[in-house]
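The values are calculated or read from the model by the stated rules, or taken from the named source; none is laboratory data. Since this is a predicted model, take the numbers as computed values, not measurements. Every residue, glycine among them, receives a Cβ derived from its backbone with ideal geometry; neighbour counts consider all protein chains shown. Note: areas computed on protein heavy atoms with side chains; ligands, DNA, RNA excluded. Shrake-Rupley method; radii C 1.70, N 1.55, O 1.52, S 1.80 Å.
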Amino acid sequence: MSMEGRTCIITGSARGIGRGIAEHLGEKGANVVINYRSSEGAAHEAVEAIEDAGGRAITAQADVSIPEEVEHMRDVCHEAFGPADVLVNNAGITADKQFTEMSRAEWDRVMDVNLGGMFNCTQTFYDDIWNAEEGRLINISSVVGKQGNFGQANYATAKSGMFGFTRTIALEFAQGGSTANCVAPGFTRTDMVESVPDHVLERIISGIPLERLAEVEDIAAVVRFLASEESSYITGEVIDVNGGMDL
């Protein structure tokens, strides 16, 4: 599943799952655009890691909730690598709070980034993906979008909204031969998850049939498959990567 010569945009890819996806695709030969909002140093570190592995990568600063910044990111991509073949909508934020205490501003900010950012990026790169020989849209959701989670009404709603968006865009892209799919990771070993208190983490793991957290590589490998030519007959799907949490 070589990615040689394919240009991939991964939003929110300076750290965490996004960075793992970016480095994985870069190692497989893709031209990678590392998007970040404020983590400039981490973004450049990700580029260096890809280049050290023999790949090609650049950074592109953009707040995905601001259409003009996303359009600038597209211009940066086109100047460096030409049109995109693959867009991975990974950027997202949380603003956790029990619903009775959640402000409208906290609700709106999560929607603006997680859903609004997906809208902005997909609309901006729509023509690229449509016209690509093997165009791919991949949205990164979460098990929380399927199961809900206490104190995350805004985040769970945004992540579940990705399912309907993916299936609808898949129908549109099918007319041009491109695909759209969604990946819903479970709890993954990132800095954010590892900051969770040990007793809480133990309770989370006890509810996972495979009895471990996902590694970033587990998610990145699925994204690579969906981004490759080998996945050409898969579209409109939500791929769970959660260690069996739905069993």
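Restricted to the range 139-159, and to residues there that are of a type in the set (Gly, Ala, Ser) and open to solvent by less than 20 Å² (accessible area, probe 1.4 Å), the residue that is farthest from Leu115 (Cα to Cα) is Gly151.
Taking the range 146-165 as the range and being more than 17 Å from Gly18 (Cβ to Cβ) and touching a strand residue (DSSP E or B) at 6+ places or on another chain (Cβ under 6 Å) as the test, only Phe163 passes. Mind checking whether some residue in the range 54-64 is farther than 20 Å from Val222 by Cβ, of a type outside the set (D, E, K, R), at pLDDT 95 or above and assigned to a loop (DSSP other than H, G, I, E, B)? The answer is yes, given that some residue of the range 54-64 is farther than 20 Å from Val222 by Cβ, of a type outside the set (D, E, K, R), at pLDDT 95 or above and assigned to a loop (DSSP other than H, G, I, E, B).
Checking the structure you have, find out if any residue of the range 160-183 is of a type in the set (Ser, Thr, Tyr), in a helix (DSSP H, G or I) and either modelled with pLDDT under 95 or open to solvent by 60 Å² or more (accessible area, probe 1.4 Å) (or both). Yes; the residues of the range 160-183 include at least one that is of a type in the set (Ser, Thr, Tyr), in a helix (DSSP H, G or I) and either modelled with pLDDT under 95 or open to solvent by 60 Å² or more (accessible area, probe 1.4 Å) (or both). Scanning the range 26-58 for residues that are closer than 22 Å to Thr124 by Cα, touching a residue at least 40 places away in the same chain (Cβ under 8 Å) and open to solvent by 10 Å² or more (accessible area, probe 1.4 Å) yields Asn31, Arg37.
For the range 129-138, residues that are open to solvent by 20 Å² or more (accessible area, probe 1.4 Å) and in contact with a Lys or Arg (Cβ under 9 Å, 6 or more places away or on another chain) total 1.
Quick one: in the range 73-102, of everything that is in a loop (DSSP other than H, G, I, E, B) and within 23 Å of Ser228 (Cβ to Cβ), which residue is most open to solvent (accessible area, probe 1.4 Å)? I'd like the intermediate steps shown before the answer.
Quick first cut of the range 73-102, residues in a loop (DSSP other than H, G, I, E, B) only: 82-85, 90-98, 102.
Retained after the next criterion (residues that are within 23 Å of Ser228 (Cβ to Cβ)): 82-85, 90-91.
Details: Gly82: 15, Pro83: 83, Ala84: 1, Asp85: 32, Asn90: 23, Ala91: 19 Å².
Ranking the qualifying residues of the range 73-102, first place goes to Pro83.
Would you say Met73 is of a type in the set (A, V, I, L, M) and farther than 24 Å from Thr235 by Cα? Taking the combined requirement at face value, the residue satisfies it.
Note on the range 186-232: residues that are within 20 Å of Asp85 (Cβ to Cβ) and open to solvent by 60 Å² or more (accessible area, probe 1.4 Å) total 4.
Of these, Ile66, Ile17, Ile9, which one is in contact (Cβ under 8 Å) with a residue 60 or more places away in the chain, β-branched (Val, Ile, Thr) and within 30 Å of Phe150 (Cα to Cα)? Before you say what the answer is, go through the steps one by one.
Numbers: Ile66 fails: in contact (Cβ under 8 Å) with a residue 60 or more places away in the chain; Ile9 fails: within 30 Å of Phe150 (Cα to Cα).
None of the others qualify; the one that does is Ile17.
Filter the range 110-154 down to the residues that are aromatic (Phe, Trp, Tyr) and either assigned to a helix (DSSP H, G or I) or without any contact (Cβ under 8 Å) to a residue 12 or more places away in the chain (or both), then identify the one that is nearest to Leu247 (Cα to Cα). The residue in question is Phe119.
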